[in-house]
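A quick write-up on the structure given underneath.
The values are calculated or read from the model by the stated rules, or taken from the named source; none is laboratory data. As the structure is a computational prediction, the values presented were derived from the model and not from experiment. Neighbour counts are summed over all protein chains in view; Cβ atoms, including those assigned to glycine, are modelled from backbone coordinates with ideal geometry. The protein model used for the area step is the full one, side chains on, heavy atoms only, and it has no ligands, DNA or RNA in it. Shrake-Rupley method; radii C 1.70, N 1.55, O 1.52, S 1.80 Å.
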Amino acid sequence: MKDSTIKNIGNYTFWICFLLGNICLLGSSITKKVDFIIGGYVLLFLASAVNLLIIFGLLIYCLLHRNQLQSCLYASKILCINIPIAILYTVIGIQFNTI
């Protein structure tokens, strides 16, 4: 794989999960519908699993192809940005549901 392909995997996965999380959070806070809340929790578990699988896949790939180490680590770091964002959105979602 090219360096740009590896970085795009990380970037696209990050942005898709980030945008879907924003849709669920804003949808639940604006409309107060339970569907967005349930969707947010499902997204939390599915996106976590997908992000972990991609990170593990990138790390295995960089072990096999040492010349791609920097690109794989860059993509993995981008994906790890989703962790604190997911925690923050979960706390905000729980706060909205208890009010």
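Structure values in brief
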| item | result |
| --- | --- |
| Helix-derived mean residue ellipticity, 222 nm - over the chain, DSSP H n ≥ 4, -39500 (n - 2.57), to 500 | -31500 deg cm²/dmol |
| Estimated dipole of the chain in Debye, rounded to 20 [Cβ of Lys and Arg +1, of Asp and Glu -1, Cα centre] | 120 |
| Length gained when the stretch TYR12-LYS33 is fully extended (0.36 nm per residue, less Cα-Cα span) | 4.8 nm |
| Cysteines without a disulfide-compatible partner [the chain; Cβ-Cβ under 4.7 Å] | CYS17, CYS24, CYS80 |
| The chain, relative contact order [Cα under 8 Å, separation at least 6], % | 41 |
| Pairwise centroid distance, computed over Cα atoms, of region 47-99 with region 1-15, Å | 12 |
| Surface share of carbon and sulfur [accessible, 1.4 angstrom probe, percent] for the chain | 75 |
| Residue-normalised accessible area of the chain, given per residue in Å² at a 1.4 Å probe | 66 |
